[in-house]
1. Which one of these is surrounded by fewer than 18 Cβ atoms within 10 Å (Cβ to Cβ) and of a type in the set (Val, Ile, Thr): Val353, Val371?
2. From the list Ala444, Ala379, Ala416, Ala437, exactly one residue is in a helix (DSSP H, G or I), closer than 30 Å to Gly589 by Cα and modelled with pLDDT of 75 or more. Which is it?
3. Name the one entry in Ala597, Ala679 that is of a type in the set (A, V, I, L, M) and either in the same structural domain as Val750 (by TED's automatic domain parsing) or assigned to a loop (DSSP other than H, G, I, E, B) (or both).
4. Give the residues of the range 624-644 that are touching a strand residue (DSSP E or B) at 6+ places or on another chain (Cβ under 9 Å) and not in a helix (DSSP H, G or I), sorted by residue number.
5. Quickly run through the range 245-273 and pick out the residues that are under 50 Å from the mean Cα position of the chain (by Cα) and surrounded by fewer than 21 Cβ atoms within 10 Å (Cβ to Cβ).
6. Does Gly720 qualify as being at positive phi and touching a residue at least 24 places away in the same chain (Cβ under 8 Å)?
7. Identify all residues within the range 220-237 that are under 19 Å from Val114 (Cβ atoms) and within 37 Å of the chain's Cα centre (by Cα); write none if there are none.
Amino acid sequence: MVRRLVVGTLAALGALMGTGPATALAHPLLLQSAPQAGLVSPQAPDAIRLALSESGVARGSRIELLDARGRRVPTSPVVASAGNRTFSVTPRRTLPSAVYTVRWSVLGNDGHLVRGTFDFGVAGAGGAAPPGAEKLGGTGAGGRGGENAVSDGVVAVLGRWLGVAAAALLLGAFVLLALLRRREDPSLDAARARVRAAAPLTWILVGFAAVEGVLAAATSGTGGEVDLGLLTAAPTARADLLRLVLFALVTVALLALGERRDPLRGRLLAGGAVAILLTYALSGHVLSDPSAWTVLDQTVHVLTASLWLGGVLAIVLLTVRSAVPAVSAARAFAPVAAGALGVAIVTGVLAAVREVDAWYFLRWSDYGRVVLVKSALVALVAVAGAVVFWRARRAGAAPAGRGPRLVRVEAVGVVAIVGLAAALSGIAQGRGQPLPAERGTLFAGPAFGTALLADGGAQLTLAPARRGSNVLTTMLPPEERTPQRISVRLARAGAPGKDIRVTLRRGDGPAWSAPVELPQDGTWFAYVTVDGDASTSPVQLGVGVPQAPGSTPLDVVAVADLSGPDAERCRAHVLGTGLAIARLNGEGGLDGGRKVASKVLDSGGDPARAVALARGAVADGRRPLAAVGSCGSGGERAVRVLQRAGVPVVIGDPTVGPVAGSGVFRTAADPYAQGISFAQIVTQRVLPAAPVGVRRIPVILGSDQASQRLLAGLRRGLAGSEARLDVRRPGDLARRSLDDREDAISQLEVLATVIDVPSTERRDVDALTALGRDREGIVPAPVLLSERVLSERVIRSAGSLGRIGALQGVSEVSPTTADGILYRQSVPLLYRGDLASLDGLRGYVSGLALRDAVRRGGIGADGVIDALRDPGVFTSALLAPWTARQPGAGSPATLAVQPLFLSPTVTPPSAGGTPRAAAYFPDGTWTATSGLLGVGPQTGPAPQLAR
């Protein structure tokens, strides 16, 4: 009894992981298409290519290309490459500018079809959008379109069910006969007679299933017509063909034996049953990516599970009408059943872990639901078997009363298990399917894009890019003229005629913006017009966070200035944060595959609005996963609101000053460390080469805590040197004439000039950039700009001062590290028209800090904060993380950086020169001009933060 109960318990546990004789089959899913689904290709493609998650069969697949009127465009036959994971067709003529539809169907190695459709466009002359571009339906940075796997029909499932059940019955019956013979059971002759009578019909059922499998394989192609060539082209079809051949060979051998040599007939049938079961085991997805381990595991699992299931069916066959006492059959088969079921459980667990892939799919996929139902049924059957055996042991003879009925119930359950197992082989399992975090766009957050105009580009941002209230902003490069009027038309994909038109207004900075109420999620297209100059192609903007059953997305909130003075800085910053979050989603998300979404709220640079938005983000008990990406004026006050609500906060933007208190961690450089670094630059590089008598350093500072910490660092770093600080209030340069400004920064007058002002007091920065644009031949001393002042826009706006490298600064992030290079290369690839920026890299680094924290500490606030208190090495781009003593102050280490532009005399690649890609500027990049700077043992610890 104990043995039987243990076997029953193991059966229930093993069933939860999919014990049963079915082969779990996969389906090839579309990973990528070229041209990209939902996007406009800048030129006519030379081929339509599909990259798949699994190998497929070209002979049974089809790719159709339709024009805007639904007419078929002639193409070449389907060609497979890359290990049959990439399928392609070549148009027989160059595609004109239009919107095209691709209808595809791919026959997988498992014998099942996956069908899908998507649209793409071909741009016209000068990159003009094709007619009907708003009908495109990609999402985010392009989508995969729609796709669905074609499940097996009823006949195919019935055929597989009969084949497995019949073969398992033959195997179990002859094993049971052998066990009875070993025990010298007196009922052996009756058992032989019963098996001899049932064997021919059972074998015929095996043959019927084999014939049906071959017919199904021959018609498994896209058109559904009979194609005998598929029987040798597709791996699963070859297994179906082999099954029929084996059946025919065994049948011929049986006919040749006639009625003689009964023991040999039995061995031949048992051997044939094993061979048939092997063809079921060695088919499907196990053949698309075979390895010795997976083949062995699948083979052992199917044979042992079939032996257990077949033995149960055989007991019922022999005990009907008391041909054999049930107690005899149960006692004989119990040791084999226990061993077979134990092995089947172990191998089934290993196979199921591979096929289900994640707990999410066990609960929320059709495959997982069938596994759960089958698991419950296996548990019930195992319990019924244990009760039967227990009653038989107590009775000492054939069980009476409910015993025989339980045996029949057990048999019915076994037959149902085989049916469910057969159905499983026609359902896509978890492996190979994207988790919720990976579905749809990985960039669940603000939508970015660049509209191409006749004389340049206009950067667009839509935030938070969710249904309801949004803010749409656009910015032009600093070199271009100041526009007088900008308007945008928004059209939703698949809904022509329901456009939204808005007129943007200039804010207190480079951005033009307007509130927009979006009625639905989905793909929207923005058509931009600047002073009558319409964009040549629409900008695709993905709206909404993709949802999946059983997996609620997790929000990471940010309050950022996307339409005010810091719009360009904050746009780059939240874009960088979004890249890090997308990386987290691409790795499977959090907590069972939950997607992480960046919810960016535009403050417009208004501190009061920033506070209101932060309070709204945590109202009614809502608590986001964390706050990362807060940026611009008012960001510091928003951070304090989020901090008091218990939300973990990571600050990467230098315009958000140091914040004291628990739960706040700052990756931006500590202003005190910046002051120390500026002092080290002066004492190590500037002072030794300065003219005699020049020792003054004008310092233009704001009145906030950040400026005071920077001043403290300057004084500490210059202590004992000959340099003399001349502290000025904001507006000092702005009040001077151009001549006086030039004199004020001349290397004959000053060692260097230091500027650190908040974004609301940028008059001196504007005066400096105006000087660089209006004057040539300036010979200035270094102008050291703090992190919250220095930016690519300032450099580009400063004319000659920017080009000669006079404007310099420090940075706690290094663009030349592995993560820095990855970020720099990703931005222009994912966001056409955008370049990398230091602020974007800072956003990327702060997002990576959160990625590390949630992976180590989970999604609870306490766990995230604990992980951030003891940060791991989460990126190579950050020189040093925050200190444990003052995590809200910022990083204590920096590098000196300045812009480096290509010389106009450099030989272009077209003339044989070495190509050099732009990185942070259209024709230049940032370069480090020092080793590690900042707070060290010689400078002592930073002063405490003010609360």
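1. Details: Val371 fails: surrounded by fewer than 18 Cβ atoms within 10 Å (Cβ to Cβ).
Result of the check over Val353, Val371: Val353.
2. Numbers: Ala444 fails: in a helix (DSSP H, G or I); Ala379 fails: closer than 30 Å to Gly589 by Cα; Ala416 fails: closer than 30 Å to Gly589 by Cα.
One residue alone meets the criteria, Ala437.
3. Residue meeting the stated conditions: Ala679.
4. The answer is Pro624, Leu625, Ala626, Ala627, Val628, Gly629, Ser630, Cys631, Gly632, Gly634.
5. Val245, Leu246, Ala248, Ala270, Gly271 - these are the residues of the range 245-273 that are under 50 Å from the mean Cα position of the chain (by Cα) and surrounded by fewer than 21 Cβ atoms within 10 Å (Cβ to Cβ).
6. Numbers: at positive phi: yes; touching a residue at least 24 places away in the same chain (Cβ under 8 Å): no.
It is false that Gly720 is at positive phi and touching a residue at least 24 places away in the same chain (Cβ under 8 Å).
7. Matches in the range 220-237: Ser220, Gly221, Thr222, Gly223, Gly224, Leu230, Ala233, Ala234, Pro235, Thr236, Ala237.
Residue by residue, here is whether (1) within 30 Å of Ala386 (Cα to Cα); (2) among the aromatic types (Phe, Trp, Tyr); (3) modelled with pLDDT under 85; (4) surrounded by 17 or more Cβ atoms within 10 Å (Cβ to Cβ) holds:
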{"site": "Ala15", "(1), (2), (3), (4)": "yes, no, yes, yes"}
{"site": "Gly20", "(1), (2), (3), (4)": "yes, no, yes, yes"}
{"site": "His27", "(1), (2), (3), (4)": "no, no, yes, yes"}
{"site": "Leu39", "(1), (2), (3), (4)": "no, no, yes, yes"}
{"site": "Ile48", "(1), (2), (3), (4)": "no, no, no, yes"}
{"site": "Leu52", "(1), (2), (3), (4)": "no, no, yes, yes"}
{"site": "Val57", "(1), (2), (3), (4)": "no, no, no, yes"}
{"site": "Ala68", "(1), (2), (3), (4)": "no, no, no, no"}
{"site": "Leu95", "(1), (2), (3), (4)": "no, no, no, yes"}
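The values are calculated or read from the model by the stated rules, or taken from the named source; none is laboratory data. Everything numeric in this text was worked out from a predicted model, so none of it was measured. Using ideal geometry, Cβ is built from the backbone for each residue, glycine included, and neighbour counts are taken over all protein chains shown.
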